[in-house]
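What follows is a set of notes on a single structure, which appears directly below.
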């Protein structure tokens, strides 16, 4: 009896120390398929659509609504994003305005640089940006007011031969609803015409005809620097002195070169060429018009991009910043005439002009 008990205890111990693991067969791969049922009856209709910003004037790029369709300005702030509201009025005759889904496929402008020209979305088309799902707003007085305000601002695109009277009548009757989706556009998204394709699907899986329009992300070149001024320090007459920049963005901004070597970065939605203008710092010019000081500037390390210029002249550097990029800015001074021991001061203005995406 005692022996039997001992054997049982040993077996129990072995089982706890050496648990039994399941054995699996080798992985196998198969295929999956699905078919969306073909609907019956009348397909839904996207009667009109528009885009706007959630601001009082609806569009920052054309606040007085001179031009038809929506125009939006970039935020011109590093890493900033702004919301765009996408709207559509949709009806389904059989379901008295009841629709299952509404969505928009949005595409970057034709000619956008990589990676914004990559394919995606339905049909794997180039320049795909994102798909925006909509939620139903409804057909009450507030919804109708939104549509009328957008129409008065010249933002609305209609399908077929529909008019604002047709749309507002259906909203009044409750046979159509306003739908809305919101998505962000980034400060560095490329400027140009964005294509918006809106579809609706009813509860019978019927897909509407697409309604297409465009909005303009207004091209604006913009740069910022991480310095408040340039201190050239002590110089010898007739000898050029350079204050070298770097590619490290530092804050808070201070006088370059110490503690912040000069860096410039692109905060617009276009490629950007840097512009520079320096005052004469009080050094003046002689009777022949010859300036007593001369400047030069270079972005990056290639001396082929160096530009020499006189005071009070705005020059444009030959190379450029791509979207959301930054580079070092080297600035030099050559004082031809001046009084020993005297300190001179002036102003430097850094700006930007658009460089087309096509120049690659």
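Quick note: the coordinates plus some simple rules give every number you see, no bench work behind them. Fair warning: this is a prediction, and the values are worked out from it, not measured in the lab. FYI the Cβ positions are ideal-geometry reconstructions off the backbone, even for glycines, and counts take in every protein chain you see.
So what is the relative contact order of the chain, in percent, for Cα pairs below 8 Å that sit 6 or more residues apart? Display every interim value, and only then the final one.
Values: 826 pairs, mean separation 63.1, N = 360.
Worked out over the chain, it gives 18 percent.
At what distance in nm do the modelled label points of residue 237 and residue 76 sit from each other, each positioned 7 Å from its Cα along Cα→Cβ?
If labels sit at residue 237 and residue 76, their model points lie 4.3 nm apart.
Summing -39500 (n - 2.57) over the DSSP H runs of n ≥ 4 in the chain and dividing by its residue number, what mean residue ellipticity at 222 nm do you reach, to the nearest 500 deg cm²/dmol? Intermediate values should be presented prior to the final figure.
On the way: 3 runs with 38 residues, N = 360.
Calculated at 222 nm, the ellipticity per residue is -3500 deg cm²/dmol.
What ratio of Cα Rg to 2.2 N^0.38 Å holds for region 45-217? Provide the component values of the computation, followed by the final result.
Values: Rg = 15.9 Å, N = 173, 2.2 N^0.38 = 15.6 Å.
For region 45-217, the normalised Cα radius of gyration comes out at 1.02.
What FRET efficiency do you get for residue 98 and residue 67 if R0 is 51 Å and r is their Cβ-Cβ distance, rounded to the nearest 0.05?
Plugging the Cβ-Cβ distance into 1/(1 + (r/R0)^6) gives 0.90.
What fraction, in whole percent, of alpha-carbon pairs in region 308-360 exceed 16 Å separation?
Roughly 59 percent, once rounded to a whole number.
Can you tell me what percent of all Cα-Cα pairs in region 223-355 are more than 26 Å apart?
So the pairs more than 26 Å apart make up 21 percent of the total in region 223-355.
For a quick check, take a GNM of the chain with Cα springs below 10 Å and name the residue from 183, 56, 221 with the largest mean-square fluctuation.
56
Tell me, 320, 291 in order of fewest to most beta-carbon neighbours within 10 Å?
291, 320
Please arrange 281, 242, 290 by counting, for each residue, the other beta carbons lying within 10 Å of its beta carbon, fewest first.
290, 242, 281
Could you work out how far the C-alpha centroid of region 281-360 sits from that of region 156-177, in angstrom?
58 Å
Against the empirical 2.2 N^0.38 Å scaling, what ratio does the C-alpha Rg of region 151-256 come to?
2.08
Can you give me the angle between helix 2-17 and the longest principal axis of the chain, using Cα atoms only, in degrees from 0 to 90, rounded to the nearest 10?
Taking the Cα atoms of the chain, the angle to 2-17 is about 40 degrees.
With r as the distance between the Cβ atoms of residue 347 and residue 308 and R0 = 30 Å, compute the FRET efficiency 1/(1 + (r/R0)^6) and round to 0.05.
Efficiency for this residue pair is about 0.95.
Can you give the percent of C-alpha pairs in region 266-333 whose distance is more than 16 Å?
In whole percent, the share of Cα-Cα pairs in region 266-333 beyond 16 Å is 52.
Given N residues in the chain, what is Rg(Cα) / (2.2 N^0.38 Å)?
1.57
How big is region 206-258 in terms of Cα radius of gyration and Dmax, in angstroms?
Looking at region 206-258, its Cα Rg and Dmax stand at 23.7, 80 Å.
Dimensions of region 134-188 along principal axes (Cα, Å, largest first)?
42, 22, 19
Any chance you could give the angle, 0 to 90 degrees and rounded to 10, that helix 164-173 forms with the longest Cα principal axis of the chain?
It works out to around 40 degrees.
Remind me, relative contact order of region 45-217 in percent, using alpha carbon pairs under 8 angstrom and six or more residues apart? Intermediate values should be presented prior to the final figure.
Details: 400 pairs, mean separation 61.4, N = 173.
Computed over region 45-217, the figure is 35 percent.
Counting other beta carbons within 10 Å of each Cβ, put 280, 105 in order, fewest first.
Going from least to most buried by this count: 280, 105.
So what's the angle, to the nearest 10 degrees on a 0 to 90 scale, between helix 141-152 and the longest Cα principal axis of the chain?
The two axes meet at around 40 degrees.
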